[in-house]
Amino acid sequence: MSFWTDQWRDFVRDTSYVHNLREEKISNDQFWRSYGIYDRVLMHSGYPGEILSKISSFISPEATLLDIGAGTGAFAIPLSRKTSRTIAVDPSEYQLQILSEKARREGLKNIFAIQKEWKDVQPSEIHCMNISDDGDFGVDISAVDIPAVDYSLAAYSLFDEEIENFLTKIIDLTRKGIFIVFRAESFDSLNEFAYGPRPNADYLCLYHILKDMGYQFEVILFPRNYYLPIDLVFTQYRFSKKGHDELLGHLSREGRLQDREDGKWAAFSAKDALLYLIR
């Protein structure tokens, strides 16, 4: 095991949302149900923004896309307007229900779901999906063969201590291109204030793990600056032992609060990394 895989394992175990699942003794689905404001946060934060456009520029029409940790469809929904089939893998029934509702509203019938963690998905499940005769999302009626996966995407969904196995499985299943999205900088200072110092990992950790595995990925960084309503901030930090007044005090000391007609908003900055390999 390398320095980089050790760092990743410590991060997943002690810092990522997997840590919250263990500490709070809740399931993946319960976590996301308690974070029902997720899509509102995305709307304000400008994510996925230019990353989506860049990935879309690589994907050829009528391709098959595998979206691992698809969530509510930040990538799966818009990219499915271009693909022949999109396979959305996510362990949360709640998240996939939201994705399904979005797909129905937009008339997309080419998105098929697997409600599992990626480590539990068998390759045979990717190549032979069960869908209804009319293409209704997530209804298991008739078997349909899925051609080889052309492109795979894992965006902020690589929270597995056995990261080499996670990545190998993606790479082995994919013919044309692999896309990985992860943070490109340290945590926001509010995170350390809310939870204390904890192990961290960013895109460089994944980059070096992939390099040690024999894969040279290209990297592009995408900065974002945005404001969030303070109620969304409180929900994001719902597992912190710090009270709302303490969180507000920290943001105020850093000069990050803005008063608007509809209440207080907090300033944030983020930088995302797109790691990609086109074959």
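Couple of notes before you dig in:
- The sole residue among S84, S16 that is hydroxyl-bearing (S, T, Y), closer than 26 Å to F217 by Cβ and open to solvent by 20 Å² or more (accessible area, probe 1.4 Å) is S84.
- Scanning the range 185-203 for residues that are assigned to a helix (DSSP H, G or I) and of a type in the set (S, T, Y), we see that the one that is nearest to I171 (Cα to Cα) is Y203.
- The test for being surrounded by fewer than 21 Cβ atoms within 10 Å (Cβ to Cβ), more than 28 Å from A267 (Cα to Cα) and polar (S, T, N, Q) holds for S57.
- Residue among R198, R253, R279 that alone is closer than 19 Å to V12 by Cβ, open to solvent by 30 Å² or more (accessible area, probe 1.4 Å) and charged (D, E, K, R): R198
- F11 vs. criteria within 22 Å of V219 (Cβ to Cβ) and either more than 13 Å from the chain's Cα centre (by Cα) or in a helix (DSSP H, G or I) (or both): yes
- Number of residues in the range 84-100 that are touching a residue at least 60 places away in the same chain (Cβ under 8 Å) and within 16 Å of F179 (Cα to Cα): the value is 1.
- Unmet criterion (only one of (1) under 14 Å from the mean Cα position of the chain (by Cα); (2) part of a helix (DSSP H, G or I); (3) modelled with pLDDT of 95 or more) for P48: (2)
- Which listed residue is under 18 Å from A155 (Cα atoms) and in contact with a helix residue (DSSP H, G or I) (Cβ under 6 Å, 6 or more places away or on another chain), from T15, T72: T72
- Screening E192 on (1) surrounded by 15 or more Cβ atoms within 10 Å (Cβ to Cβ); (2) free of Cβ contacts under 8 Å to residues at least 12 places away in the same chain shows it passes everything except condition (1).
- Flag if I51 is touching a residue at least 60 places away in the same chain (Cβ under 8 Å) and either touching a strand residue (DSSP E or B) at 6+ places or on another chain (Cβ under 7 Å) or among the hydrophobic types (A, V, I, L, M, F, W, C) (or both): yes
- Filtered residue count, the range 204-245, keeping only those that are under 23 Å from L42 (Cβ atoms) and outside any loop (DSSP other than H, G, I, E, B): 20
- Of the residues making up the range 209-230, those that are under 18 Å from S186 (Cα atoms) and open to solvent by 80 Å² or more (accessible area, probe 1.4 Å) number 2.
- Restricting the range 101-124 to residues that are assigned to a helix (DSSP H, G or I), more than 17 Å from the chain's Cα centre (by Cα) and not charged (D, E, K, R), the residue that is nearest to L173 (Cα to Cα) is P123.
- Long-range neighbours under 6 Å by Cβ, at least six apart or interchain, first residue modelled with pLDDT under 95 within the range 1-15, second open to solvent by 70 Å² or more (accessible area, probe 1.4 Å): S2/D212
- Any hit, the range 246-261, residues being part of a helix (DSSP H, G or I), modelled with pLDDT of 95 or more and under 29 Å from D120 (Cβ atoms): no
The values are calculated or read from the model by the stated rules, or taken from the named source; none is laboratory data. If you're wondering where the values come from, they're calculated on a predicted model, not measured in any experiment. Note that we place each Cβ from the backbone using ideal geometry, even for glycine, and neighbour counts take in every protein chain shown. Accessible surface areas use protein heavy atoms only, side chains included; no ligands, DNA or RNA. Shrake-Rupley method; radii C 1.70, N 1.55, O 1.52, S 1.80 Å.
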